[in-house]
Number of protein chains: 2
Amino acid sequence: MTRPPESTALHNRIRRDMESRIMSGQWRPGERIPTEQEWMESYGCSRMTVNKALRALVQSGLLESRKRAGTFVAAPRFHRAALEIPDIRAEVEGQGLAYRLELIGRDRRKATAEDKVLLRVSSGELLALECRHFARDLPYALEHRLINLAAVPEAATVDFSAEPPGSWLLGHVPWTEAEHRITAVNADPAMAKGLGISENAACVALERWTWRGNERITYARQLYPGDRYALVAHFHA
Amino acid sequence: MTRPPESTALHNRIRRDMESRIMSGQWRPGERIPTEQEWMESYGCSRMTVNKALRALVQSGLLESRKRAGTFVAAPRFHRAALEIPDIRAEVEGQGLAYRLELIGRDRRKATAEDKVLLRVSSGELLALECRHFARDLPYALEHRLINLAAVPEAATVDFSAEPPGSWLLGHVPWTEAEHRITAVNADPAMAKGLGISENAACVALERWTWRGNERITYARQLYPGDRYALVAHFHA
DNA sequence: GGGTCATTTAAGTATATACATTATTGAGTC
DNA sequence: GACTCAATAATGTATATACTTAAATGACCC
């Protein structure tokens, strides 16, 4: 969803008028709002202009309209927040810190049983990467990544010690669908060592699957020290 | 964002045509797409109809248009996923499990220094609740909640041992903005006891702030055992 | 080469109009 | 009262048209 511009166009003024009535609670969920006729009379404009404002709000989920019955304030969409899951390098550099990547392992192989489960493919060749992200020489995250070479053959030739796999993929491979799973885990000895934290410290584990159409592109598991990292999601109507 | 209907309307067919060219990678990010003129010629329809399809895709973020220059495939919105943060009761019952709520503490008071920081108010009266959510008699989550009585005076009279505060608020108080913060913490002795897990076990800590306009409505901090709980976010273009 | 400015093009806004679709309403009938 | 069905009123779709706005283009001049 994109925020509509702060324009002075008539349909935008009408839209903002409607929005503020919803936001303020003057119109409550389920309530019926005036008809397009009434709006065009009160604004002295054409019906298409009113319609344009209404359609925008219907598309953004604030209103619902039913033929013959009218247009109604939508029940607030439950809890659906926009969660930004940023590119790690961009995030670190965005904080003004020096970013560094350490490529620990790189393996081109036929999918093992475990790979198949994680990447959700039935067979094929893939690239498995292990890496560690640093912010100002402090470990920031550990990453385990699988890239489906059937979908992204170019990946086989990329130097991932120079560019983090997430950044490279975002820039080169268009994706249409992604799923994220966020949970908390205790650091095992390897994680503790890799992140420079004490054993059993709570970490945020973020798993991500990415598709393009039906093709699996990549699987990533990123581990962050729980005391240094927070995911933030924001919703505004 | 609402998914547009599977309609047969001409502007929807045009929109789907455009969508599939983006999804398939036939049009790559940054690429310029045909002008409205060209579309109206190839579909033999009016410009407004083409425009309607374009506007919908611009609003949903798949396209960008610039005056004089044309319309372009938008760079994929970074990582912006729709994160469903459900009502706990609804979630438990949705899994077919019996839900139970235990109200541990309830305190109506003037905001303490700590309350002010959490709820982000400068003063005023609030309702502080401590509760524990159960799924089939197993502890599911601990919740610390503050409700701003200036914004929601009715809350003072609600029996929160019958209805979980989150559910009640969602049903009764329209909100326009919410922020979530997700992190991982180690269970302290009280948390471990309350959730029936071992001390230091990793937990997902989910904090939520809710507004209506400028008014703070509520703050909630929910703690879930990390090994039993996962937040899932989904994105599709 | 480089700056200026008018031209042109593509999107942005708005209107008036027509007809389609469909849920509601209400009148008429059994 | 309960069913049927036509009228109605609301949104949904589509067209033709006109003017506005802003940026890319290219011609011109220094």
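The values are calculated or read from the model by the stated rules, or taken from the named source; none is laboratory data. What you are looking at is a predicted structure, and each value in this text was computed from that prediction instead of being measured. When we count neighbours, we look across all protein chains shown, and the Cβ atoms used for this are built from the backbone with ideal geometry, even at glycine. Just so you know, the surface numbers come from the protein's heavy atoms only, side chains and all, with ligands and any DNA or RNA stripped out. Shrake-Rupley method; radii C 1.70, N 1.55, O 1.52, S 1.80 Å.
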Open item on the list: Could you order the peptides A:48-54, B:132-138 from most to least packed, using the average number of other C-beta atoms within 10 Å per residue?
Closed with: A:48-54, B:132-138
- [ ] Return the long-range amide H neighbours of B:L63 (sequence gap of 5 or more, or a different chain), with a cut-off of under 5 Å between placed amide H atoms.
- [x] B:V58, B:A74
Open item on the list: Output wanted: per-residue J couplings in Hz (rounded whole) for the stretch A:133-149, from phi through Karplus 6.51 cos²θ - 1.76 cosθ + 1.60, θ = phi - 60°, x for Gly and Pro.
Closed with: 9, 10, 10, 6, 6, 9, x, 10, 7, 9, 9, 10, 9, 10, 10, 6, 6
- [ ] Report, to the nearest 10°, how far helix B:10-23 tilts away from the longest principal axis of the Cα atoms in chain B, using its own Cα long axis and a range of 0 to 90°.
- [x] 80
- [ ] DSSP loop (so not H, G, I, E, B), at most 10 other Cβ within 10 Å: list which chymotrypsin sites (Phe, Trp or Tyr not before Pro) in the stretch B:160-237 pass both filters.
- [x] none
Task: Fraction of accessible area attributable to carbon and sulfur, the protein assembly as shown (%, probe 1.4 Å) - done: 51
Task: Dipole of the protein assembly as shown [Lys/Arg +1, Asp/Glu -1 at C-beta], most positive-end residue of B:A220, A:V117, B:C45 - done: B:C45
Task: Cα-centred dipole magnitude for the stretch B:10-73, charges only on beta-carbon of K, R (+1) and D, E (-1), debye, nearest 20 - done: 180
TODO: Relative to the longest principal axis of the C-alpha atoms of chain B, give the angle of the C-alpha long axis of helix B:47-59, reported between 0 and 90° and rounded to the nearest 10°.
DONE: 30
- [ ] Enter the accessible area per residue of the protein assembly as shown (Å², integer; probe 1.4 Å; all protein chains in place).
- [x] 48
Open item on the list: Semi-axes of the equivalent ellipsoid for the stretch B:86-237, please: Cα gyration tensor eigenvalues, times 5, square-rooted, ordered largest first, whole Å.
Closed with: 24, 18, 17
Task: Other-copy label distances relative to A:L97, 7 angstrom Cα-Cβ extension, nm - done: 3.5
- [ ] Can you tell me the relative contact order of the stretch B:13-84? Whole percent, Cα pairs under 8 Å, sequence separation 6 or more.
- [x] 36
Task: Charge sum, other residues only, whose C-beta stays under 13 Å from A:M23's C-beta, Lys/Arg counted +1 and Asp/Glu -1 - done: +1
TODO: Quick one: dipole size for the protein assembly as shown, taken about the Cα centre, charges +1 on Lys/Arg Cβ and -1 on Asp/Glu Cβ, in debye to the nearest 20.
DONE: 1420
Open item on the list: Can you tell me which of A:Q59, A:Q95, A:Q222 moves the most in a GNM of chain A? Springs connect C-alpha atoms under 10 Å apart.
Closed with: A:Q59
TODO: Report the relative contact order of chain A, percent, no decimals, based on alpha-carbon pairs under 8 angstrom and at least 6 residues apart.
DONE: 16
Task: Given charges at beta-carbon only (K, R positive; D, E negative), |dipole| of the stretch A:82-234 in Debye - done: 240
Open item on the list: Could you report the accessible area of A:S42 in Å², rounded to 10, computed with a 1.4 Å probe on the protein chains as they sit in the structure?
Closed with: 90
Task: Under 5 Å, built H, 5+ apart or other chain: amide partners of A:I33 - done: A:T71, A:F72, A:V73
Task: Copies compared at B:G213 - label distances in nm, ascending, label defined 7 Å from Cα in the Cβ direction - done: 5.0
Task: Per-copy distances of the A:S20 label point, shortest first, in nm (7 angstrom along Cα→Cβ) - done: 4.4
Open item on the list: Which lysines, if any, have their Cα less than 30 Å from the Cα of A:K67, not counting same-chain residues under 8 positions apart?
Closed with: A:K52, B:K52
- [ ] Using only the Cα atoms of the protein assembly as shown, build the gyration tensor, take square roots of its eigenvalues as a ≥ b ≥ c, and label the shape rounded, prolate or oblate: rounded if a/c is under 1.5, else prolate if a/b is larger than b/c, else oblate.
- [x] oblate
- [ ] For B:I104, list long-range residues whose amide hydrogen, built 1.01 Å from N in the peptide plane, is under 5 Å from its own amide hydrogen.
- [x] B:E130, B:C131, B:R132
